[in-house]
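Report on the structure given below.
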Amino acid sequence: MGTGVETSSGGGLISLIQLAIFILTIVSMWKVFAKADEPGWAIFIPIFNLYVMLKIAGKPWWWLLLFCIPLVNLIIAILATVSFAQNFGKGVGFALGLIFLPFIFYPILAFSDADYVG
């Protein structure tokens with residue numbers, strides 16, 4: 001029977017890896033925003049960052065309202081991400097990567113030679 005207090009060095013390592021992935025994703029998104037001539041700091045402001053992403057994707061501002069409707073918001077997010085990727089010269093497959101593996105695909109978009117063409 002244990003005391004309820006367990007020590008594990010694995011927990012600290014996992015936390016450091018998660019922090020590194022988080023920081024990499026933030027830096028990458030900042031750089032992607034900057035590539036599109038938008039302010040990188042916008043990623044830190046809720047709702048405004050979504051507005052900027054829609055702007056980069058070439059979608060109207062009122063799509064923000066559609067994010068308030070359950071299930072519709074999922075479809076709108078997918079459509080906006082596909083347009084976002086296309087405005088950087090990428091396809092639907094890359095957009096799926098941005099949705100499901102953002103910590104891999106945002107750095108690829110940020111640090112590759114992909115240019116904003118939207």
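Could you check region 91-114 and list, in sequence order, the residues that are among the small types (Gly, Ala, Ser), over 18 Å from residue 24 (Cα atoms) and assigned to a helix (DSSP H, G or I)?
Those that are among the small types (Gly, Ala, Ser), over 18 Å from residue 24 (Cα atoms) and assigned to a helix (DSSP H, G or I): 93, 95.
Here is a yes/no grid of residues against (1) in a helix (DSSP H, G or I); (2) at pLDDT 95 or above; (3) surrounded by 12 or more Cβ atoms within 10 Å (Cβ to Cβ):
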residue: 11; (1), (2), (3): yes, no, no
residue: 24; (1), (2), (3): yes, yes, yes
residue: 38; (1), (2), (3): no, yes, yes
residue: 75; (1), (2), (3): yes, yes, no
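For a quick check of your reading of the model, give me the residue pairs whose first member lies in region 11-22 and is touching a residue at least 12 places away in the same chain (Cβ under 8 Å), whose second is of a type in the set (A, V, I, L, M, F, W, C) and in a helix (DSSP H, G or I), with beta-carbon atoms closer than 8 Å and at least 6 apart or on different chains.
Correct list of pairs: 21/103.
How many of the residues making up region 79-97 are more than 14 Å from residue 50 (Cβ to Cβ) and surrounded by 13 or more Cβ atoms within 10 Å (Cβ to Cβ)? So that I can check it myself, show each step before the final result.
Within region 79-97, the first condition is being more than 14 Å from residue 50 (Cβ to Cβ), and the residues that meet it are 82, 85-97.
Restricting the remaining residues to those that are surrounded by 13 or more Cβ atoms within 10 Å (Cβ to Cβ) gives 82, 85-90, 94-97.
Number satisfying all stated conditions: 11.
Given the structure, is residue 88 within 15 Å of the chain's Cα centre (by Cα) and not in a helix (DSSP H, G or I)?
On the way: within 15 Å of the chain's Cα centre (by Cα): yes; not in a helix (DSSP H, G or I): yes.
Against the criterion (within 15 Å of the chain's Cα centre (by Cα) and not in a helix (DSSP H, G or I)), residue 88 qualifies.
I'd like to check something: does region 52-63 contain any residue that is touching a residue at least 60 places away in the same chain (Cβ under 8 Å), exposed (fewer than 14 other Cβ atoms within 10 Å of the Cβ) and in a helix (DSSP H, G or I)?
Quick first cut of region 52-63, residues touching a residue at least 60 places away in the same chain (Cβ under 8 Å) only: 56-58.
Going one step further and asking which of them are exposed (fewer than 14 other Cβ atoms within 10 Å of the Cβ), we end up with 58.
Imposing the further condition that a residue be in a helix (DSSP H, G or I) reduces the set to none.
No: region 52-63 contains no residue that is touching a residue at least 60 places away in the same chain (Cβ under 8 Å), exposed (fewer than 14 other Cβ atoms within 10 Å of the Cβ) and in a helix (DSSP H, G or I).
I need the full set of residues from region 30-87 which are among the small types (Gly, Ala, Ser) and over 13 Å from residue 118 (Cβ atoms), in order please. Reasoning before the result, please.
In the first step, residues of region 30-87 are kept if they are among the small types (Gly, Ala, Ser); the result is 34, 36, 40, 42, 57-58, 77, 80, 83, 85.
34, 40, 42, 77, listed by residue number.
The values are calculated or read from the model by the stated rules, or taken from the named source; none is laboratory data. The structure presented is a predicted model; accordingly, all values stated were derived computationally and were not measured. Note that we place each Cβ from the backbone using ideal geometry, even for glycine, and neighbour counts take in every protein chain shown.
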